[in-house]
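Below is one structure, written out as structure tokens; the observations come after it.
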Amino acid sequence: MEMKRCESSSNIAAHGYDAATKELRVEFKNGGLYRYADVPVDVAYEFMNAESVGRHFHAHIRHNYTGIRVVPDDILAAG
């Protein structure tokens, strides 16, 4: 999934969306990467194109979709 850098947010580093699977990924500046399942296309695109993605995330994504932390492959390999 292609991730788009988000320079204007103080909390969100990048985001990406796969319309085929309806999966939204959000990378936070603290290093956490989360995937949100069953996010409708219109909701994802409103988020990714919002004037304030952080504010939009907290208002429309965070409490409405379950986020699951994605563990990078290098952490799994070291485990």
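Data overview
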quantity: Qualifying residue in the stretch 8-16 (condition: modelled with pLDDT of 95 or more, in a helix (DSSP H, G or I) and hydrophobic (A, V, I, L, M, F, W, C)); calculated: no
quantity: Residues located in the stretch 38-67, provided they are at pLDDT below 95 and in contact with a Lys or Arg (Cβ under 8 Å, 6 or more places away or on another chain); calculated: Met48, Gly67
quantity: Complete set of residues in the stretch 3-15 that are buried (at least 17 other Cβ atoms within 10 Å of the Cβ) and either without any contact (Cβ under 8 Å) to a residue 40 or more places away in the chain or in contact with a Ser or Thr (Cβ under 7 Å, 6 or more places away or on another chain) (or both); calculated: Ala13, Ala14, His15
quantity: Looking only at the stretch 22-57, and only at residues there that are farther than 17 Å from Glu7 by Cβ and acidic (Asp, Glu), the one that is least open to solvent (accessible area, probe 1.4 Å); calculated: Glu23
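The values are calculated or read from the model by the stated rules, or taken from the named source; none is laboratory data. Small disclaimer: the values here were computed from a predicted structure and weren't measured. Cβ sites come from the backbone with ideal geometry, for glycine too, and all protein chains shown count toward neighbours. These area figures cover heavy atoms from the full protein model, side chains too; ligands, DNA and RNA do not enter into them. Shrake-Rupley method; radii C 1.70, N 1.55, O 1.52, S 1.80 Å.
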